[in-house]
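Before any comments, here is the structure.
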């Protein structure tokens with residue numbers, strides 16, 4: 001067992017973990033952060049995407065011990081003081097989710113994408129979300145949501 | 001007591017693009033996926049699965065696994081005996097259908113790679129999985145049947161004890177049914193004085209690939225045994241558990257909490273559910289099983305997998321005279337829940353929107369040693385639509401007619417509805433002319449045809465093709481009597497109840513079980529309109545057999561058109577019950593009470609009461625009519641009188657690089673007629689998502705097995721789900737002809753995009769290179785296949801179909817993906 005300490009969604013946590021524990025397993029099983037989910041076992045789907053020290057990572061692809069000392073933000077820590085993050089709001093407004101399983105990862109990746117490139121083109125959005133799979137939406141409204149969050153469109157208001 | 005006239009802000013909920021009620025939880029991670037559930041002392045399962053497609057189990061050594069730290073037990077079929085139950089087939093398509101016994105965990109022989117042979121119970125998931133690696137199973141490999149056509153020849157048997165691989169042969173003949181003429185006569189006649197198109201198409205095997213892996217938790221510690229499962233069908237699951245395990249139905253509670261997509265893939269009763277149920281009961285402890293993605297791809301059911309032999313006859317002016325369909329459908333190694341019923345659902349759809357005077361459908365279901373198949377979005381209808389839409393374009397090419405003009409010549413005109421088809425269905429409403437006209441205009445059809453001609457004339461490296469799909473489908477499964485005639489094991493009704501709470505809130509209980517569709521939102525809109533209450537005041541409850549005690553769940557584009565109609569009928573009963581109470585409280589005659597916008601008023605006066613006030617009065621029960629029960633709560637069970645028939649026109653423009661075979665979608669336009677729309681935002685999501693699944697069949701997805709029967713596309717590295725970078729934004733619109741078989745005038749939309757899009761996409765690629773001698777490219781249309789098709793034709797080599805090479809060496813025997821490549 002290895003002792004690790006990190007900041008998760010603004011709270012300091014410390015635990016002993018098996019060295020093989022993945023960050024996503026630590027988040028879900030030990031911290032109860034079940035908002036972050038597992039969709040595959042080959043790091044293709046991106047459902048487990050979180051932010052580590054300000055950049056997006058697939059938390060199934062990071063060992064918990066690698067996150068020792070890190071600052072981690074999950075989907076559960078994105079809204080502040082009950083106010084949704086603009087990307088969360090845009091996903092709802094543009095109907096960028098259906099079953100919602102890919103959504104935590106998709107939102108976290110979209111936030112990171114907009115941090116790196118605040119005014120992305122449609123193709124930059126599509127390239128930037130390539131590592132996150134969605135089976136429900138066909139991506140159409142997800143792209144619109146990111147555009148709306150970037151202030152480029154009014155979304156799909158009918 | 002507010003009058004509606006005083007509330008100019010009130011607008012009808014139906015038709016409004018309400019943001020979804022579901023989303024607040026989902027976008028903040030406050031979710032209730034089955035795998036999130038943790039119970040005190042919960043144990044975990046890991047499955048030991050066969051690596052062989054067909055093998056005798058000669059021994060299973062579990063000692064080392066049992067000795068591992070924190071392992072509670074390791075079980076084989078011999079340990080569990082009959083307590084593991086059995087998996088059912090709900091639809092024996094013929095009286096003499098052959099079906100092997102489907103145990104959750106067989107003891108003697110495995111019949112596909114991925115089948116469970118032992119199960120480990122441990123205190124943690126990781127320890128269970130580690131120990132599963134230590135279970136030593138000895139197998140004696142048996143010859144496996146992997147190729148569908150070879151399977152039909154019965155040379156090697158998937159289940160030797162059955163004596164054949166053929167499960168059932170199902171036929172519909174329009175002459176025998178009295179719905180049309182003799183198809184063979186029509187074809188023979190066309191051979192002499194008309195035109196006959198004969199093609200063979202491959203519907204490759206697909207994997208539903210819902211994003212949430214399947215998970216099951218069973219808690220046996222209460223009076224009711226509770227199962228949480230990532231399922232589309234909690235009610236059917238409960239029934240099947242009771243029917244096969246001997247546990248009374250009343251002692252089982254099934255909950256489908258948040259469910260992360262299904263697409264038919266969770267329309268199943270699974271070995272994993274049965275084993276979790278069995279072991280939790282045996283050990284008296286809560287148990288969880290969550291599959292890995294790799295397990296999901298290999299062991300959750302697959303979809304499609306057919307060969308379609310199609311013969312279409314027509315007169316020389318393009319008037320169709322007959323259609324004959326001969327299908328081979330791969331069941332995989334078992335007849336699963338719906339099983340052979342999936343291709344049979346296509347039987348009524350091959351004739352589509354066209355007026356065929358003669359029609360015959362033949363389907364042979366066949367066993368192979370592969371993962372079992374069942375419903376995948378569209379289930380039978382995408383296959384049928386693909387077949388007929390490709391054939392109509394082939395006929396147009398043969399006659400050198402515009403494919404739109406050819407379709408128009410043969411489709412049912414809008415003034416001809418209701419129309420009884422050659423397959424015996426009555427299409428209630430539709431307007432193919434209107435949808436097509438709108439789609440052509442949005443698409444810029446004439447301009448794109450002009451550009452196509454210009455590129456052809458110039459011999460451009462990049463050619464342009466236009467694909468067309470003027471589809472219809474039958475949805476809203478299903479009238480129970482029709483299901484009875486088809487020998488299906490259950491009905492097709494749906495149940496709803498409406499509870500009027502004392503505080504003015506309304507609880508709606510539905511037997512439909514959403515897994516991403518947005519029922520909470522859409523159903524709230526319907527109830528808000530019918531009862532005149534606020535959208536926010538309606539709570540929709542579902543997916544728990546103890547709350548929604550009765551239902552037939554969600555699949556077949558049924559939730560709105562069947563479940564929504566049940567809801568309408570239940571709300572109507574609430575209003576009828578409230579009327580005498582209103583009359584009593586207002587001291588008026590019931591005949592003078594009118595109900596409008598949530599308010600019961602006395603005709604010709606300004607006196608009235610809001611429905612919430614009546615609900616509160618009934619709750620208090622201090623003053624209500626003599627002889628009446630003090631309750632407004634109502635329920636309804638609605639059995640649909642007919643299917644309904646969404647339709648639409650889908651147009652795809654594709655650029656094909658003739659030197660590399662690469663394809664690039666340039667534009668996709670669809671105009672769907674789904675009747676009245678409850679929530680346009682939700683509809684748009686259903687259409688977009690449906691389109692991409694259909695497009696993915698055309699371009700990317702295929703479950704590929706190697707010659708040993710191993711699924712080589714068994715992870716998301718190899719099974720090509722489309723990404724955001726692979727896809728484009730779509731132009732979608734609607735025309736509206738309300739259905740006349742339900743109160744709301746709605747038609748299903750959940751499967752439409754998937755059903756329609758595949759032939760439009762493949763058709764566009766073929767259209768781009770037809771002048772190079774190509775008339776077919778096998779799906780998925782990879783650059784390699786497109787390139788080889790062009791080369792084959794260019795060389796004047798084998799027929800195009802033969803040149804439609806898949807990924808692997810065609811000389812290699814038994815490779816599924818090469819089926820027909822050299823035929």
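Looking at (1) at the interface with chain B (Cβ under 10 Å from one of its Cβ atoms); (2) over 18 Å from residue A:35 (Cβ atoms); (3) in contact with a helix residue (DSSP H, G or I) (Cβ under 8 Å, 6 or more places away or on another chain), can you tell me which one residue A:114 breaks?
Checking residue A:114 against (1) at the interface with chain B (Cβ under 10 Å from one of its Cβ atoms); (2) over 18 Å from residue A:35 (Cβ atoms); (3) in contact with a helix residue (DSSP H, G or I) (Cβ under 8 Å, 6 or more places away or on another chain), the one that fails is (1).
Could you list, in sequence order, the residues of the range A:65-87 that are more than 8 Å from chain B (Cβ to nearest Cβ) and surrounded by 23 or more Cβ atoms within 10 Å (Cβ to Cβ)?
Pass one, the range A:65-87, residues more than 8 Å from chain B (Cβ to nearest Cβ): A:65-73, A:77, A:80-83, A:85-87.
Scanning the range A:65-87 gives A:67, A:72, A:87.
With respect to residue B:106, is the statement that it is within 21 Å of residue B:297 (Cα to Cα), outside any strand (DSSP E or B), free of Cβ contacts under 8 Å to residues at least 60 places away in the same chain and more than 14 Å from chain A (Cβ to nearest Cβ) true? Outline the logic, then answer.
On the way: within 21 Å of residue B:297 (Cα to Cα): yes; outside any strand (DSSP E or B): yes; free of Cβ contacts under 8 Å to residues at least 60 places away in the same chain: yes; more than 14 Å from chain A (Cβ to nearest Cβ): yes.
Yes.
Only one of these is assigned to a loop (DSSP other than H, G, I, E, B) and either within 19 Å of residue B:314 (Cα to Cα) or in contact with a helix residue (DSSP H, G or I) (Cβ under 7 Å, 6 or more places away or on another chain) (or both): B:384, B:352, B:396. Name it.
Selected residue: B:352, the only one of B:384, B:352, B:396 that is assigned to a loop (DSSP other than H, G, I, E, B) and either within 19 Å of residue B:314 (Cα to Cα) or in contact with a helix residue (DSSP H, G or I) (Cβ under 7 Å, 6 or more places away or on another chain) (or both).
Output the residue which, of all residues in the range B:731-741 that are part of a loop (DSSP other than H, G, I, E, B) and touching a strand residue (DSSP E or B) at 6+ places or on another chain (Cβ under 7 Å), is nearest to residue B:571 (Cα to Cα).
B:741
So which of B:203, B:232 ends up being more than 14 Å from chain A (Cβ to nearest Cβ) and either in a loop (DSSP other than H, G, I, E, B) or closer than 30 Å to residue B:396 by Cβ (or both)?
B:203
Any chance you could count how many residues in the range B:187-200 are outside any strand (DSSP E or B) and crowded, with 19+ Cβ neighbours inside 10 Å?
Number satisfying all stated conditions: 3.
For (1) surrounded by fewer than 24 Cβ atoms within 10 Å (Cβ to Cβ); (2) in contact (Cβ under 8 Å) with a residue 60 or more places away in the chain; (3) in contact with a helix residue (DSSP H, G or I) (Cβ under 8 Å, 6 or more places away or on another chain); (4) not in a loop (DSSP other than H, G, I, E, B), each residue gets a yes or a no:
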{"site": "B:715", "(1), (2), (3), (4)": "yes, yes, yes, no"}
{"site": "B:722", "(1), (2), (3), (4)": "yes, no, yes, no"}
{"site": "B:756", "(1), (2), (3), (4)": "no, yes, yes, yes"}
{"site": "B:764", "(1), (2), (3), (4)": "no, yes, no, yes"}
{"site": "B:770", "(1), (2), (3), (4)": "yes, yes, yes, yes"}
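Taking the range B:704-730, which residues are more than 7 Å from every other protein chain (Cβ to nearest Cβ), under 20 Å from residue A:126 (Cα atoms) and touching a strand residue (DSSP E or B) at 6+ places or on another chain (Cβ under 8 Å)?
Hit for the range B:704-730 is B:728, nothing else.
Looking only at residues in the range B:9-40 that are away from every other protein chain (no Cβ under 11 Å) and over 26 Å from residue B:227 (Cα atoms), which one is modelled with the lowest pLDDT?
B:9
Any chance you could count how many residues in the range B:143-165 are crowded, with 19+ Cβ neighbours inside 10 Å and either at pLDDT below 95 or in contact with a strand residue (DSSP E or B) (Cβ under 7 Å, 6 or more places away or on another chain) (or both)?
7
Which condition from (1) touching a helix residue (DSSP H, G or I) at 6+ places or on another chain (Cβ under 8 Å); (2) surrounded by fewer than 24 Cβ atoms within 10 Å (Cβ to Cβ); (3) in contact (Cβ under 8 Å) with a residue 12 or more places away in the chain is the one that residue B:216 breaks?
Exception for residue B:216: condition (2).
Where residues in the range B:17-34 are touching a helix residue (DSSP H, G or I) at 6+ places or on another chain (Cβ under 9 Å) and within 17 Å of residue A:50 (Cβ to Cβ), which of them is surrounded by the most Cβ atoms within 10 Å (Cβ to Cβ)?
Checking each candidate, the answer is B:27.
Residues of the range B:52-68 being buried (at least 17 other Cβ atoms within 10 Å of the Cβ) and closer than 19 Å to residue B:333 by Cα, which ones?
B:52, B:53, B:54, B:55, B:57
Looking at the range B:662-691, which of its residues are in contact with a helix residue (DSSP H, G or I) (Cβ under 8 Å, 6 or more places away or on another chain) and in a helix (DSSP H, G or I)?
B:682, B:684, B:685, B:686, B:687, B:688, B:689, B:690, B:691
Restricting attention to the range A:32-64, and to residues there that are away from chain B (no Cβ under 12 Å) and more than 27 Å from residue B:720 (Cα to Cα), which single residue is surrounded by the most Cβ atoms within 10 Å (Cβ to Cβ)?
By that ranking, first place goes to A:64.
Name the pairs whose Cβ atoms lie under 9 Å apart, with the first residue in the range B:7-25 and at positive phi, the second at pLDDT 95 or above and part of a loop (DSSP other than H, G, I, E, B), and 6 or more positions between them or separate chains?
Here the result reads B:15/B:676; B:15/B:677; B:15/B:678; B:15/B:679, each pair linking the range B:7-25 to a residue that is at pLDDT 95 or above and part of a loop (DSSP other than H, G, I, E, B).
When the residues of the range B:235-263 are narrowed to those that are within 14 Å of chain A (Cβ to nearest Cβ) and crowded, with 24+ Cβ neighbours inside 10 Å, which ends up farthest from residue B:544 (Cα to Cα)?
Among residues in the range B:235-263 that are within 14 Å of chain A (Cβ to nearest Cβ) and crowded, with 24+ Cβ neighbours inside 10 Å, the one farthest from residue B:544 (Cα to Cα) is B:263.
Hey, any hits in the range B:645-653 for a residue that's buried (at least 23 other Cβ atoms within 10 Å of the Cβ), touching a strand residue (DSSP E or B) at 6+ places or on another chain (Cβ under 9 Å), modelled with pLDDT under 95 and within 24 Å of residue B:746 (Cβ to Cβ)?
No, every residue in the range B:645-653 fails to be buried (at least 23 other Cβ atoms within 10 Å of the Cβ), touching a strand residue (DSSP E or B) at 6+ places or on another chain (Cβ under 9 Å), modelled with pLDDT under 95 and within 24 Å of residue B:746 (Cβ to Cβ).
Quick check: is even one residue across the range B:589-604 surrounded by fewer than 18 Cβ atoms within 10 Å (Cβ to Cβ), assigned to a helix (DSSP H, G or I), in contact (Cβ under 8 Å) with a residue 60 or more places away in the chain and assigned by TED's automatic domain parsing to the domain that holds residue B:550?
No, the range B:589-604 has no match at all.
Could you list, in sequence order, all residues of the range A:1-31 that are assigned to a strand (DSSP E or B), within 12 Å of chain B (Cβ to nearest Cβ) and over 18 Å from the mean Cα position of the chain (by Cα)?
If the condition is that a residue be assigned to a strand (DSSP E or B), within 12 Å of chain B (Cβ to nearest Cβ) and over 18 Å from the mean Cα position of the chain (by Cα), then A:17 is the only one that fits.
Would you mind stating whether residue B:427 is modelled with pLDDT under 95 and in contact with a strand residue (DSSP E or B) (Cβ under 6 Å, 6 or more places away or on another chain)?
no
Any idea which residue in the range A:134-158 is farthest from the other protein chains (Cβ to nearest Cβ), counting only those that are modelled with pLDDT of 95 or more and surrounded by fewer than 24 Cβ atoms within 10 Å (Cβ to Cβ)?
A:150
Give me a count of the residues in the range A:88-109 that are more than 7 Å from chain B (Cβ to nearest Cβ) and part of a loop (DSSP other than H, G, I, E, B).
2
The values are calculated or read from the model by the stated rules, or taken from the named source; none is laboratory data. As the structure is a prediction and not an experimental result, all values here were calculated from the model. Note that each Cβ is placed from the backbone with ideal geometry, even for glycine, and that neighbours are counted across all protein chains shown.
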